[in-house]
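Asker: Below is a structure I'd like to ask you about.
The values are calculated or read from the model by the stated rules, or taken from the named source; none is laboratory data. None of these values were measured; they are calculated from a predicted model. Here Cβ is always computed from backbone atoms with ideal geometry, including for glycine, and neighbour counts include all displayed protein chains. Surface areas here come from the heavy atoms of the whole protein model, side chains and all, with no ligands, DNA or RNA. Shrake-Rupley method; radii C 1.70, N 1.55, O 1.52, S 1.80 Å.
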Amino acid sequence: MPHFGYSDEVDMEGLVAARAALRPVAEARGLKFSFLPFILKATSLALADFPSLNAHVAPDASEVTQRGAHNIGVAMDTPRGLIVPNVKAVQDRSLLDIAAELGRLQALAAAGQLGEADLAGGTFTLSNIGAIGGTYASPILFTPQVAIGALGKISRVRARRLSASPN
């Protein structure tokens with residue numbers, strides 16, 4: 001399978017404000033409300049626009065099957081090592097529902113109690129190195145999936161001044 005990487009920076013100011021506005025609602029429901037539910041939902045919206053990225057390749061590479069559901073895997077570091085449970089049907093879930101499911105998966109992962117149903121059926125994966133402070137990554141494709149996304153840390157950066165063209 002051919003591999004290539006692409007990195008970019010995104011202005012997250014609007015996301016930071018949205019999370020701050022919704023965080024009290026989530027916390028009132030007992031939910032940890034990180035940026036990850038937003039990222040999963042945004043990924044699902046992107047997969048709706050680019051369905052060829054939500055696909056699997058047959059073991060002999062003879063065919064590619066696009067998947068309808070957005071079962072987005074999230075790489076998690078656990079006592080057993082790196083595992084990738086997935087949030088099922090992200091396209092049909094609210095931000096708060098995604099947050100609740102992530103919390104459930106993280107608790108089970110920490111206790112070493114994830115079941116096969118939590119690990120099977122992923123259609124796209126996100127690797128989040130931002131939690132450990134990284135900015136850029138080259139994640140390893142989680143076959144038979146055809147694409148993987150990597151997230152770096154969110155940080156405040158100085159605005160760049162664009163210089164006027166001499167022309």
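Asker: Relative to the compact-globule scaling 2.2 N^0.38 Å, provide the ratio for the alpha-carbon radius of gyration of the stretch 53-125.
Answerer: Working: Rg = 13.3 Å, N = 73, 2.2 N^0.38 = 11.2 Å.
The reported ratio for this selection is 1.18.
Asker: Rank LEU15, ALA48, GLY68 by how far each Cα sits towards the positive end of the charge dipole of the chain (+1 on Lys, Arg Cβ; -1 on Asp, Glu Cβ) and give me just the farthest.
Answerer: Result: LEU15, furthest along the dipole toward the positive end.
Asker: Across the stretch 88-97, in residue order, what do the Karplus-derived ³J(HN,Hα) couplings come to in whole Hz, using 6.51 cos²θ - 1.76 cosθ + 1.60 with θ = phi - 60° and x for Gly and Pro?
Answerer: 6, 6, 4, 4, 9, 9, 7, 4, 5, 5
Asker: Residues with amide H under 5 Å of ASN128's amide H, sequence separation 5 or more or different chain, H placed in the peptide plane at 1.01 Å from N; which?
Answerer: Residues meeting the amide H criterion: ALA75, LEU151.
Asker: What is the packing order of peptides 98-107, 4-13, taking the mean over residues of other C-beta atoms within 10 Å and listing the highest first?
Answerer: Put in order of decreasing packing, that is 98-107, 4-13.
Asker: Related question: For HIS70, enumerate residues with amide H under 5 Å from its amide H, sequence gap 5+ or separate chain, H modeled in the peptide plane.
Answerer: ALA89, VAL90, GLN91
Asker: Mind putting a number on the dipole of the chain about its Cα centre? Charges go on the C-beta only, +1 for Lys and Arg and -1 for Asp and Glu, and I need it in Debye to the nearest 20. Intermediate results must be reported in sequence, preceding the final value.
Answerer: Details: 15 positive and 14 negative charges, 139 e Å.
Dipole size: approximately 660 debye.
Asker: Using modelled backbone amide H atoms (1.01 Å from N, in-plane), which distant-in-sequence or interchain residues come within less than 5 Å of THR78's amide H?
Answerer: Long-range HN contacts for THR78: ILE83.
Asker: Ignoring any ligand, DNA or RNA, what whole percent of the accessible area of the chain comes from carbon and sulfur when the probe is 1.4 angstrom? Display every interim value, and only then the final one.
Answerer: On the way: 6070 of 10790 Å².
The computed percentage sits at 56.
Asker: Determine ³J(HN,Hα), in whole Hz, for all residues of the stretch 67-75 in sequence, where each value follows from phi through the Karplus function 6.51 cos²θ - 1.76 cosθ + 1.60 and θ = phi - 60°; x replaces Gly and Pro.
Answerer: 9, x, 7, 9, 9, 8, x, 10, 5
Asker: log₁₀ I(q)/I(0) of the chain at q = 0.10, 0.11, 0.14, 0.20 Å⁻¹, via Debye over equal Cα point scatterers, no solvent, to two decimals?
Answerer: -0.42, -0.50, -0.79, -1.49
Asker: Only bridges whose two residues both fall in the chain count here: according to DSSP, what percent of them are antiparallel, nearest 5?
Answerer: Details: 9 of 16 bridges.
Roughly 55 percent of the DSSP beta bridges within the chain come out antiparallel.
Asker: Continuing with this model, one more query. Can you compute the charge dipole magnitude of the stretch 1-78 about its Cα centre, using +1 on each Lys and Arg Cβ and -1 on each Asp and Glu Cβ, nothing else charged? Give it in debye, rounded to the nearest 20.
Answerer: On the way: 6 positive and 9 negative charges, 99 e Å.
Using Cβ point charges on Lys, Arg, Asp and Glu, the stretch 1-78 gives about 480 debye.
Asker: Tabulate in residue order the Karplus-calculated ³J(HN,Hα) for the stretch 5-18, using 6.51 cos²θ - 1.76 cosθ + 1.60 with θ = phi - 60°, rounded to whole Hz; enter x for Gly and Pro.
Answerer: Computed from phi, the couplings for the stretch 5-18 are x, 9, 10, 8, 10, 10, 6, 9, 4, x, 5, 4, 5, 5 Hz.
Asker: Continuing with this model, one more query. Ignoring everything except DSSP H segments at least 4 long, calculate the 222 nm mean residue ellipticity for the chain; use -39,500 (n - 2.57) per segment, divide by total residues, nearest 500.
Answerer: Theoretical 222 nm ellipticity from helices: -9500 deg cm²/dmol.
Asker: List the equivalent ellipsoid semi-axes of the stretch 16-64 in whole Å, largest first, each obtained as the square root of 5λ for an eigenvalue λ of the Cα gyration tensor. Write out the running numbers ahead of the final one.
Answerer: On the way: eigenvalues 244, 28, 9 Å².
Equivalent ellipsoid of the stretch 16-64: 35, 12, 7 Å, largest first.
Asker: Using only alpha carbon pairs under 8 Å that are at least six residues apart, calculate the relative contact order of the stretch 81-124 and give it in whole percent.
Answerer: Details: 21 pairs, mean separation 25.4, N = 44.
Worked out over the stretch 81-124, it gives 58 percent.
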